[in-house]
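*Asks:* I'd like to ask you about the structure that follows.
Values quoted throughout were computed directly from the atomic coordinates according to the rules given, and no laboratory measurement underlies them. Here the structure is a predicted model, which means the values were calculated and not measured. Note that we place each Cβ from the backbone using ideal geometry, even for glycine, and neighbour counts take in every protein chain shown.
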Amino acid sequence: MIKKEEKISNLFKYYFDIRMLRILLLGAISGFPWVLIGSSLSLWLKEEGLSRSTIGWAGLIFGVYAFNYLWAPLIDRIQIPFLTKKIGHRRGWIFLMQLVILISLILWSFINPSENLALLISIGLVIAIASSTQDITVDALRIEQVGEHETKSMAAGAAMAVVGWWTGYKLGGVVALFTAEYFEKIGVINYWQATFIVMGVVVILMNIALMFVHENSFTERVLSQKKTDEIIKNKLGNNNFLTKILSWLSGTVGGPVISFFKKNGFSIAIGILGFVFLFKIGEAFLGRMSIVFYKELGFSKSDIAIYSKTLGWITTVVFTLLGGLFAIRSGTVKTMFIAGGLMAITNLMFTLLAWSGKSELLFAAAVILDDIAAAFATVAFVAFISLLVDRTYTATQYALLASIGTAGRTLLASSSGSLVDWLNGDWGIFFILTALMVIPSLICLWFIRKKLKLSEK
């Protein structure tokens, strides 16, 4: 018994590293924009009388997260004038994208959705582009907080990143929902527009906190990238301006991809990409329509804030940390199998809630179980792809893997509203289908599990 307690205490020590606090903040910065273009936008459009299908298809703006790998190589290499020199390469990019989000929120505060839906969605797209761009460098900065061979610290860092993300998303949602309800109750006509001004203040506070996150010198990374450029340039032959441009573009775009396939082998690399794409599709379908489902059952904004956001945040934090410990002790692959099964089972709780009608007890139970499953799944997923990246191309490779996962969750899940409509509003059947969506990814993982090169100890 004493030996077991000592082992557990040794695992917990990874969370008390100062680097984990920085990773927590980075996670919150990454998660917060999803409040704006996710639950807040969905509820705003719902209260304006738009259909489930329209709200679902509006979620196509999340699709940019699936393609941010296209410009990730540029984020890895291009320095921002003035900002890079003053606050660092990674922090400079984050600050710039946060500024774009802030300006977008101010513009939102002047828009009436029923009259300017296209403009509203366009600004939402700008927020999504800025958010997905900042995620490239946020994830890179998070990974670079931990040494390349510190596999246990990487798992702990993944857990803290997930806790941070859900903190930004859940508590940000609490602020948004309670603020919107308060403005509505005191008679503010455009209460959502006023709410977005308050959310802008949160963005400013996050940027201030960002300045306390340490950023390593990127000299070694730059030298390694230049070495790749030189190899490509030598193979091209002539040493002229065109050759230099071609070698830079080839090294920037092709280097990360070649490195990934070389490290894992073609068949395993394809298997990894297939698993990453499929793993969280069911969760995304559920998440996209969840707030619409709650509203149709008769829950108020404060009910959603308390049960889905506040209670959900507490549950997510606790079980993300436990999931991180499990991943440290048992490995990320085993954790993902367990998480996948939990996601399938817990989605069925929403079927029970749908068929039983409004019930605060079932609502709380469904939210708790769903957040437990999501916590385990996310921390394992983040640790998994973090261990796969090459430090020479940190931002690019992580963005590539993350964006492939996002593609499944955003592009396919955009049809979630249409699926509910096709089922004639039968939410119970909808949630059963979301439970079945995880099975293909687990089959894929089963076939590649023994050949993965994660260097777990």
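*Asks:* Which angle between 0 and 90 degrees, to the nearest 10, do you get for helix 394-407 versus the longest principal axis of the chain when only C-alpha atoms count?
*Replies:* So the helix axis and the longest Cα principal axis differ by about 30 degrees.
*Asks:* While we're on this one: Is there a quick way to get the dipole size of the range 2-451? I mean about its Cα centre, with the Cβ of Lys and Arg at +1 and of Asp and Glu at -1; what is the value in debye to the nearest 20?
*Replies:* That gives a dipole near 1520 debye.
*Asks:* I've got another one for you. On a full-extension model of 0.36 nm per residue, what is the gain between Val201 and Gln79, subtracting their alpha-carbon distance, rounded to one decimal in nm?
*Replies:* So the extension gain works out to 41.2 nm.
*Asks:* What do you get for the angle between helix 360-388 and the principal long axis of the chain? Use alpha-carbon atoms, 0 to 90 degrees, nearest ten.
*Replies:* Approximately 10 degrees, to the nearest 10.
*Asks:* Take each of the peptides 99-109, 181-191, average the number of other beta-carbon atoms within 10 Å over its residues, and list them starting from the highest.
*Replies:* Top of the packing list down: 99-109, 181-191.
*Asks:* Nearest 10 degrees is fine. How inclined is helix 439-448 to the longest principal axis of the chain, computing both from alpha carbons?
*Replies:* Computed tilt is about 20 degrees.
*Asks:* Could you state the per residue volume, in Å³, of the convex hull enclosing the Cα atoms of the chain?
*Replies:* Hull volume normalised by residue count: 152 Å³.
*Asks:* Given the options Ile270, Phe67, Ala28, identify the residue whose Cα lies farthest towards the positive end of the charge dipole of the chain (+1 on Cβ of Lys, Arg; -1 on Cβ of Asp, Glu).
*Replies:* Ile270
*Asks:* Here's another thing I want to ask about it. If you count, for each residue, the other Cβ atoms within 10 Å and average over each peptide, how do 358-364, 369-375 line up from highest to lowest?
*Replies:* Taking the mean over residues of other Cβ atoms within 10 Å, the ranking is 369-375, 358-364.
*Asks:* State, as an integer percentage, the relative contact order of the range 2-451 based on alpha-carbon contacts under 8 Å between residues 6 or more apart.
*Replies:* Dividing the mean separation by the residue count of the range 2-451 yields 28 percent.
*Asks:* Shifting gears a bit: All other residues with a Cβ under 13 Å from the Cβ of Met343 taken together, and with Lys, Arg as +1 and Asp, Glu as -1, what is their net charge?
*Replies:* -1
*Asks:* Listed highest first by mean packing, meaning other Cβ atoms within 10 Å per residue, what order do 194-206, 166-178 come in?
*Replies:* 166-178, 194-206
*Asks:* Considering only C-alpha atoms, what is the centroid distance from the range 275-336 to the range 12-76, in Å?
*Replies:* A separation of 14 Å, based on Cα centres.
*Asks:* Moving on to the next point. Which entries in Lys13/Lys334; Lys152/Lys280; Lys334/Lys451; Lys46/Lys280 show an alpha-carbon gap greater than 18 Å?
*Replies:* With Cα atoms farther than 18 Å apart: Lys13/Lys334; Lys152/Lys280; Lys46/Lys280.
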